[in-house]
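In what follows, a structure is listed as structure tokens, so that the remarks can point back to it.
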Amino acid sequence: MAEPLILGIDVGTASSKGVLATPDGTVVASAQRPHEVEQPLPGQFEQDADAIWWGDTVWLARKLLAGITARRLCGVCVSGLGPSVVLCDAAQRPLRPAILYGIDTRAQAEIDELDALLGRDTILARGGSALSSQALGPKLLWLRRNDPDAWERMARWHTTSSFLVARLTGESVLDHHSASQCDPLYDLTTGGWAADWYGRICGDVALPRLLWPHEVAGSVTADAARETSIPVGTPVMAGTIDAWAEAFSVGVQEQGDLMLMYGSTMFLVQVAAPDAKPHPTLWLTEGVAPGRRTYSAGMATSGSLTEWVRRLTGYLPIAELASEAGAVAAGSDGLVLLPYFAGERSPLFDPCAGGVIAGLNLGHTRAHMLRAAYEGIACATRHNLDVIAEVAGPPSRVVAVGGGLRSGPWAQIVSDVTQLPQEIPANATGASYGDARFAAIGAGLITGTSPWASVAGVIEPNPEVAPLYERLYELYRELYPATEDIVHAARLLAQPGEGVNLDRSFATTAGGGGRG
């Protein structure tokens with residue numbers, strides 16, 4: 001008899017990906033489909049949930065299941081960008097475009113109002129995170145006020161993953177992790193909905209049923225089967241937000257495990273104790289399994305900063321420019337760079353922070369600029385790690401993922417600045433691979449401790465450069481307070497429309513894919 005298969009699908013910000021895998025984690029097939037993000041007004045980011053979220057899911061499922069014997073498919077799990085929100089009618093059809101996660105900053109007035117009404121400190125203590133543009137509650141309140149027609153016709157609201165589950169099964173469920181990003185609607189102290197606050201924001205709109213990502217939400221309906229080619233009755237798991245699915249895909253699940261994601265921004269997720277306490281400059285949420293919470297942190301730029309350097313230097317191939325940067329001595333011959341070119345998220349939460357390059361002289365080259373950018377990003381990563389360590393202890397292991405791992409010396413510099421080794425997984429397919437693992441667990445094919453992710457290699461820190469980078473990090477930490485007032489004042493010199501982001505909520509966004 002042929003080996004059973006599981007299907008994982010992730011809908012991301014710029015593309016959707018799917019994998020078909022066996023219960024031991026072997027990928028049988030994979031596929032990807034790009035899509036767009038709409039920006040109807042400054043600070044507003046939307047997607048068509050029917051055409052993109054559901055359309056991509058249908059396309060990926062059909063492509064991956066072509067030629068597969070139906071009885072081999074034992075489970076499906078989906079994840080997605082988030083927390084994003086779409087309002088749907090009773091037939092699970094979207095009533096308006098979906099509002100995306102923290103990059104959409106339209107609900108600042110509602111954030112301020114809820115902070116005043118419920119108490120900022122109380123929200124942090126009860127929900128684990130301060131309200132920001134990442135929070136779902138203020139966006140629901142914005143929709144209630146600014147699109148009353150859709151609100152009146154709404155039967156349910158959904159996140160990306162819960163919308164896909166609803167379309168596949170007809171069930172309205174949400175996983176605990178995603179719910180804990182719906183601030184201030186979820187109460188971390190009780191592990192369930194904050195019903196009193198929910199009513200103030202959503203009125204009598206029904207609450208989704210809470211599950212864990214690996215738990216069965218329902219089974220594929222006949223209508224969904226006709227569209228997707230997924231067999232009727234196939235169990236569908238609750239799923240979750242993409243960054244946490246990716247962390248789970250590479251085995252970040254035990255207390256002290258940390259995922260470091262190299263992308264347009266750097267994003268960190270560390271598994272914490274079940275009684276972990278909130279911190280004002282971190283995001284605290286439920287994990288993807290009972291008895292685990294997670295701290296997360298995210299920067300505003302990383303890979304986007306290295307691309308900025310590449311653009312300034314004539315769009316050289318990144319491999320060529322990175323090779324030049326790798327040949328520059330540690331410390332970039334006296335440069336100290338603050339990578340706050342789009343403001344900064346954690347731990348500063350300063351939307352008006354700016355990039356600073358200190359120590360430039362006529363002998364510095366484009367290679368020095370890129371090397372300094374890598375070192376500045378590494379220092380910012382260490383800053384976030386230091387804050388996480390204050391409340392959760394240092395990571396017991398670090399697993400690195402993301403496209404930035406292919407960017408020359410970047411990852412090695414991060415290890416050298418932090419003096420932490422980084423494990424490189426053998427399979428870095430992404431969130432859809434974590435979805436497949438959730439599906440295998442939910443289908444009873446494996447357990448949460450069954451072998452899945454393997455390590456292909458380890459980036460070891462170089463102890464010889466540790467003293468130099470220790471001093472560089474000290475200077476890095478001194479540079480921001482020394483230049484903060486000047487940079488803030490200089491921002492006021494920018495003329496409207498010249499591309500300078502002065503939105504004070506920007507620095508509290510989470511970047512692509514969840515809080516990441």
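Summary of values
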{"quantity": "Scope region 45-78; condition closer than 15 Å to Leu168 by Cβ, within 21 Å of the chain's Cα centre (by Cα) and either in a helix (DSSP H, G or I) or not β-branched (Val, Ile, Thr) (or both); matching residues", "calculated": "Ala49, Trp53, Trp54, Asp56, Thr57, Cys77"}
{"quantity": "Residues that are free of Cβ contacts under 8 Å to residues at least 60 places away in the same chain and closer than 14 Å to Gln92 by Cα, drawn from region 40-54", "calculated": "Asp48, Asp50, Ala51"}
{"quantity": "Residue match in region 363-386 (condition: part of a loop (DSSP other than H, G, I, E, B) and of a type in the set (D, E, K, R))", "calculated": "no"}
{"quantity": "Candidate set: region 1-16, residues that are outside any loop (DSSP other than H, G, I, E, B) and farther than 15 Å from Thr240 by Cα; chosen: the one modelled with the lowest pLDDT", "calculated": "Ser15"}
{"quantity": "Elements of type helices (runs of 4 or more DSSP H) in region 167-228, at least 1 residues being among the aromatic types (Phe, Trp, Tyr) and surrounded by 19 or more Cβ atoms within 10 Å (Cβ to Cβ)", "calculated": "195-202"}
{"quantity": "Subset of region 231-251 that is touching a Leu at 6+ places or on another chain (Cβ under 7 Å) and among the β-branched types (Val, Ile, Thr) - its residue that is farthest from Val414 (Cα to Cα)", "calculated": "Thr234"}
{"quantity": "Residue match in region 379-389 (condition: free of Cβ contacts under 8 Å to residues at least 60 places away in the same chain and in contact with a Leu (Cβ under 6 Å, 6 or more places away or on another chain))", "calculated": "no"}
{"quantity": "Residue among Pro278, Pro290 that is within 20 Å of Trp244 (Cβ to Cβ) and surrounded by 16 or more Cβ atoms within 10 Å (Cβ to Cβ)", "calculated": "Pro278"}
{"quantity": "Test: residue in region 98-113 that is more than 16 Å from the chain's Cα centre (by Cα), surrounded by fewer than 24 Cβ atoms within 10 Å (Cβ to Cβ), in a loop (DSSP other than H, G, I, E, B) and touching a residue at least 40 places away in the same chain (Cβ under 8 Å)", "calculated": "yes"}
{"quantity": "Leu405 at pLDDT below 95, part of a helix (DSSP H, G or I) and in contact with a strand residue (DSSP E or B) (Cβ under 6 Å, 6 or more places away or on another chain)", "calculated": "yes"}
{"quantity": "Boolean, Leu131 is within 30 Å of Arg226 (Cβ to Cβ) and outside any helix (DSSP H, G or I)", "calculated": "no"}
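The values are calculated or read from the model by the stated rules, or taken from the named source; none is laboratory data. In this text the structure is predicted, and so the values were computed from the model without any measurement. Every residue, glycine as well, gets a Cβ built from its backbone with ideal geometry; the counts of neighbours run over all protein chains shown.
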